[in-house]
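To start, the structure under review is shown below, and the notes come after it.
The values are calculated or read from the model by the stated rules, or taken from the named source; none is laboratory data. Note that the coordinates shown come from a computational prediction; the quantities given were computed from them, not determined experimentally. A quick note on method: Cβ atoms are made from the backbone with ideal geometry, for glycine too, and the neighbour counts reach across all protein chains shown.
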Amino acid sequence: MNIVIVGNGKVGGSLTKQLAKEGHDVVVIDRNPKVIEQTVNEFDVMGIVGNGASYDIQKQAGVDKADLLIALSQTDELNILCCLLAKKMGCRHSIARVRTPEYSKQLDYMRTGFGISMLVNPEFEAANEIARILRFPSAIKLEQFAGGRVELAEIAIAEGNELIGKPIHIIHEKPLSPTAISSSKKATASTSPLPVRSWSAS
């Protein structure tokens with residue numbers, strides 16, 4: 001994929017490293033010449049010094065032919081503007097980092113009205129993840145499905161646990177009351193029933 005990254009801070013740098021490692025054609029835009037020089041020397045990417053919201057800079061970066069633009073500058077408005085310009089220039093997809101709480105309430109409109117493929121609020125996502133972990137402190141792994149409407153928690157059952165080998169219908173009598181149990185070596189709780197019959201030890 002041809003990918004353009006605007007803003008090469010900590011997140012942008014990590015993303016550049018990963019995408020370059022995966023073999024994507026990456027162009028990095030940043031106002032800081034030293035940052036661009038270091039990035040180009042360290043990774044197999046192209047670097048451009050300038051304002052990522054500038055038409056000329058985006059044109060130089062090949063945004064009009066890019067598959068994806070990711071705006072990760074420190075300013076929400078600049079990230080949104082970068083994505084809007086990229087969309088107008090013909091970039092297939094765009095992702096903007098948006099931190100301002102007021103903008104979080106308008107995410108759906110920004111996606112549909114502005115054509116931005118995805119808006120990411122790192123602080124909000126981190127808070128949600130912490131809240132999910134606190135709801136299931138003993139879970140090994142948590143997954144979300146159907147836009148967050150369904151959650152699946154993976155919980156290990158130790159040898160000798162009274163639930164091992166018991167039929168599913170008795171779990172509602174226990175403190176832990178999931179509605180679906182995996183028959184594999186790990187017990188799994190979710191909100192959708194599964195065609196399995198009993199708990200197994202981890």
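Conditions first: (1) at pLDDT 95 or above; (2) surrounded by fewer than 17 Cβ atoms within 10 Å (Cβ to Cβ). Residue 42 passes all but one, so which condition is the exception?
Every listed condition holds for residue 42 apart from (1).
I need a count of the residues in the range 62-77 that are under 16 Å from residue 20 (Cα atoms) and either surrounded by 14 or more Cβ atoms within 10 Å (Cβ to Cβ) or hydrophobic (A, V, I, L, M, F, W, C) (or both). Walk me through it before giving the result.
Step one: filter the range 62-77 for residues under 16 Å from residue 20 (Cα atoms), giving 66-70.
Add one more test, that the residue is either surrounded by 14 or more Cβ atoms within 10 Å (Cβ to Cβ) or hydrophobic (A, V, I, L, M, F, W, C) (or both), and what stays is 66, 68-70.
Here the count works out to 4.
If the requirement is being modelled with pLDDT of 70 or more, in contact with a Phe, Trp or Tyr (Cβ under 7 Å, 6 or more places away or on another chain), among the β-branched types (Val, Ile, Thr) and crowded, with 16+ Cβ neighbours inside 10 Å, which of these qualifies: 116, 164, 157?
Numbers: 116 fails: in contact with a Phe, Trp or Tyr (Cβ under 7 Å, 6 or more places away or on another chain); 164 fails: crowded, with 16+ Cβ neighbours inside 10 Å.
Checking each option against the conditions leaves just 157.
Do you know which residues across the range 78-113 are of a type outside the set (S, T, N, Q) and surrounded by fewer than 13 Cβ atoms within 10 Å (Cβ to Cβ)?
Kept after step one, since they are of a type outside the set (S, T, N, Q), are these residues of the range 78-113: 78, 80-93, 95-99, 101-103, 105, 107-111, 113.
Scanning the range 78-113 gives 90, 101, 102, 105, 108, 109, 113.
Looking at the range 119-134, can you tell me whether even one residue there is at pLDDT 75 or above and loosely packed, with under 10 Cβ neighbours inside 10 Å? Full working, then the answer.
Within the range 119-134, the first condition is being at pLDDT 75 or above, and the residues that meet it are 119-121.
Retained after the next criterion (residues that are loosely packed, with under 10 Cβ neighbours inside 10 Å): none.
Checking the range 119-134: not a single residue is at pLDDT 75 or above and loosely packed, with under 10 Cβ neighbours inside 10 Å.
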